[in-house]
Amino acid sequence: MSLPVSQMWAVASYVVRQKLAGRKRYPLVLMLEPLFRCNLACAGCGKIQYPAQILRKHLTVEQCLAAVEECGAPVVSIPGGEPLMYPDIGSLVKELIARRKYVYLCTNAILLKEKLAAGLFTPSKYFSFSVHLDGLREEHDEAVCRDGVYDQAVEGIKEALRRGFRVTTNSTLFDGASPLRVREFFDEMMDLGVEGMMISPGYSYSKAPDQEHFLRTQRAHDLFSQILSNPKRRWRFNQSPLFLQFLMGKQEFECTPWGNPTYNVFGWQRPCYLLQEGYAATFKDLLETTRWENYGRRSGNAKCRDCMVHCGYEPTAVNHTFGSWRGFRDTVAATVTGRF
Amino acid sequence: MTDGATLEGWVPEIGPGLSLADVVDKAFDYRGNVTVVLTDGSEIEGYLFNRDADAPVPFVRVFDLSGGGPHTLSYREIRTIRFTGRDTAAGNSYAAWLRAKEAAKVADRAEKGSGSAPPRGA
């Protein structure tokens, strides 16, 4: 793992506090979507298909901060939409850092150089750009349905690193991905100097245009095993090694849908970041009135059957690390040896 | 989402074979504006983003065309819902992009193969 020690400590102590308090359900990462508007229309994305008046809407900074306070998670991820199109993104990040939240700004990086030049952000241990890259140039440009985006993202990454920012990448892998090309991509990212990488299989959004290339469970295990079974020492991942083992089929986890709750212009999304089955007015209401037993693999819900996405299973992996000696041992072993 | 799977333009008739709750669920899942027709004859056009059929008073919530709201309407106030706005999730942009990409490759190959294009600076 490539997380800074202070961040690991903040998350670990938070989880231990929740366990000591006897809380059965607690959030780990708030997925804060201040807007749905985006400057791309990726084939695998089901987040941005809305009428114009909804795409024009965005949360105020005050609404965002109220959600952050209400939720209490130590980490705030800002996806969207494209968060660099959010007019108050600079002040939102500044306020979150002041509250000592670890912030991941998930961006396609098309606007990154421009926003950096405008001085919107200041480097901080609490703040990281998480740049969306679904592979090398050919694969990424195909995934985002526009040529040239990979090069723009790489330019943005270089500039952010040059200015002293933390930079990570997040990659969604679909059926047909080449393990060799993905491994080359990892090498390329390490050469660029990013702090760490996050990977996940895609989710079959019912509203996404491309329904044919989402990974089913066994194929996902096969793909991630081929990619990760002989990892290079230089590869650094910004996520739990147990989650990577889960992707390889070496851990049997159940989803933790409340682990990464989502807040956006509609409210608190039920039940998770991926499914939209309604909205709660408050986080408390979300936790207490969502029928959690209807979600996850064991529920038999067809929408959850093949899902292995990190927003549901990374919290399970973290909980497993701090919930059992075996989980703790496996995490330490993977971290020390660099093997999954 | 493929072409042809959309409810765009649907004007449901609430009756024995189709309940209001079913129509509300379909409207909630629809990624376009709808027109909510109320029992008093008035209408609200907008995006229906939430519904709760299990609430003590079942309701829907709508952002209107100007983005105003949300307007909360109880099921009892609703006569029907028409699917009047464009379905933004319909279509097949990925296939369209692949077709365009393939066409560009074919054109590129044809250009290189013909040898008709003069070299730069010539």
Query raised in the report: In region A:221-264, how many residues are under 14 Å from the mean Cα position of the chain (by Cα), within 23 Å of A:Gly300 (Cα to Cα) and either in a helix (DSSP H, G or I) or free of Cβ contacts under 8 Å to residues at least 60 places away in the same chain (or both)?
Result: 2
**Report entry** Answer residue from region A:186-211, given it is at pLDDT 95 or above and assigned to a loop (DSSP other than H, G, I, E, B) and is least open to solvent (accessible area, probe 1.4 Å) among those
**Finding:** A:Val194
Query raised in the report: Has region A:39-46 got at least one residue that is touching a His at 6+ places or on another chain (Cβ under 6 Å) and either in a helix (DSSP H, G or I) or within 14 Å of chain B (Cβ to nearest Cβ) (or both)?
Result: no
Report task. Inspect region A:99-109 for any residue being surrounded by fewer than 20 Cβ atoms within 10 Å (Cβ to Cβ) and aliphatic (A, V, I, L, M) and give the result as yes or no. Result -> no
Requested in this report: Taking the residues in region A:176-185 that are open to solvent by less than 50 Å² (accessible area, probe 1.4 Å) and of a type outside the set (Gly, Ala, Ser) as candidates, determine which candidate is farthest from A:Asn108 (Cα to Cα).
Outcome: A:Pro179
Report summary line: Among (1) away from chain A (no Cβ under 14 Å); (2) touching a residue at least 24 places away in the same chain (Cβ under 8 Å); (3) open to solvent by 50 Å² or more (accessible area, probe 1.4 Å), B:Asp25 falls short only on (1)
Query raised in the report: With respect to A:Leu92, is the statement that it is buried (at least 20 other Cβ atoms within 10 Å of the Cβ), modelled with pLDDT of 95 or more, over 24 Å from A:Val144 (Cβ atoms) and within 14 Å of another protein chain (Cβ to nearest Cβ) true?
Result: no
Report summary line: In region B:31-79, residues that are more than 9 Å from chain A (Cβ to nearest Cβ), open to solvent by less than 10 Å² (accessible area, probe 1.4 Å) and closer than 16 Å to A:Gln276 by Cα total 3
Query raised in the report: If you scan region A:267-281, which residues turn out to be touching a Lys or Arg at 6+ places or on another chain (Cβ under 8 Å) and assigned to a loop (DSSP other than H, G, I, E, B)?
Result: A:Leu275
Requested in this report: Residues being assigned to a strand (DSSP E or B) and more than 27 Å from A:Arg291 (Cα to Cα): count how many of those fall in region B:29-80.
Outcome: 12
Query raised in the report: Regarding A:Ala220, is this residue open to solvent by less than 30 Å² (accessible area, probe 1.4 Å), more than 30 Å from B:Val62 (Cβ to Cβ), modelled with pLDDT under 95 and not polar (S, T, N, Q)?
Result: yes
Query raised in the report: Which residue pairs have Cβ atoms under 9 Å apart, sit 6 or more places apart or on different chains, and have a first residue in region A:293-322 that is on the phi > 0 side of the Ramachandran plot and assigned to a loop (DSSP other than H, G, I, E, B) and a second that is surrounded by fewer than 21 Cβ atoms within 10 Å (Cβ to Cβ) and acidic (Asp, Glu)?
Result: A:Gly296/A:Glu254
Report task. Quickly run through region B:19-47 and pick out the residues that are among the hydrophobic types (A, V, I, L, M, F, W, C) and farther than 13 Å from B:Phe83 by Cβ. Result -> B:Leu20, B:Ala21, B:Leu38, B:Ile44
Report summary line: Counting only residues in region A:56-66 that are farther than 19 Å from A:Tyr273 by Cβ and not basic (Lys, Arg), the one nearest to the other protein chains (Cβ to nearest Cβ) is identified as A:Thr60
Query raised in the report: Which of the residues belonging to region A:156-171 are out of contact with any Ser or Thr (no Cβ under 6 Å at 6 or more places or on another chain) and either open to solvent by 30 Å² or more (accessible area, probe 1.4 Å) or more than 24 Å from A:Pro315 (Cα to Cα) (or both)?
Result: A:Gly156, A:Ile157, A:Lys158, A:Glu159, A:Ala160, A:Leu161, A:Arg162, A:Arg163, A:Gly164, A:Phe165
Report summary line: Just one listed residue, out of B:Arg120, B:Arg86, is loosely packed, with under 10 Cβ neighbours inside 10 Å, modelled with pLDDT under 95 and over 28 Å from A:Thr289 (Cα atoms), and it is B:Arg120
Requested in this report: Working only within region A:161-176, note down all residues that are out of contact with any helix residue (DSSP H, G or I) (no Cβ under 6 Å at 6 or more places or on another chain) and either among the aliphatic types (A, V, I, L, M) or in a helix (DSSP H, G or I) (or both).
Outcome: A:Leu161, A:Arg162, A:Leu173
Query raised in the report: What number of residues within region A:52-77 satisfy the criterion of being part of a loop (DSSP other than H, G, I, E, B) and open to solvent by 10 Å² or more (accessible area, probe 1.4 Å)?
Result: 5
Report summary line: Checked region A:275-285 for anything under 17 Å from A:Tyr203 (Cβ atoms) and surrounded by fewer than 22 Cβ atoms within 10 Å (Cβ to Cβ); matches are A:Leu275, A:Glu277
Requested in this report: Answer yes or no as to whether A:Val16 is assigned to a helix (DSSP H, G or I) and open to solvent by less than 10 Å² (accessible area, probe 1.4 Å).
Outcome: no
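The values are calculated or read from the model by the stated rules, or taken from the named source; none is laboratory data. Everything numeric here is computed off the predicted structure, so don't read it as measured data. Note: ideal-geometry Cβ built from the backbone for every residue, glycine included; neighbour counts use all protein chains shown. Accessible surface is based on the protein model in full, side chains and every heavy atom, while ligands, DNA and RNA are left aside. Shrake-Rupley method; radii C 1.70, N 1.55, O 1.52, S 1.80 Å.
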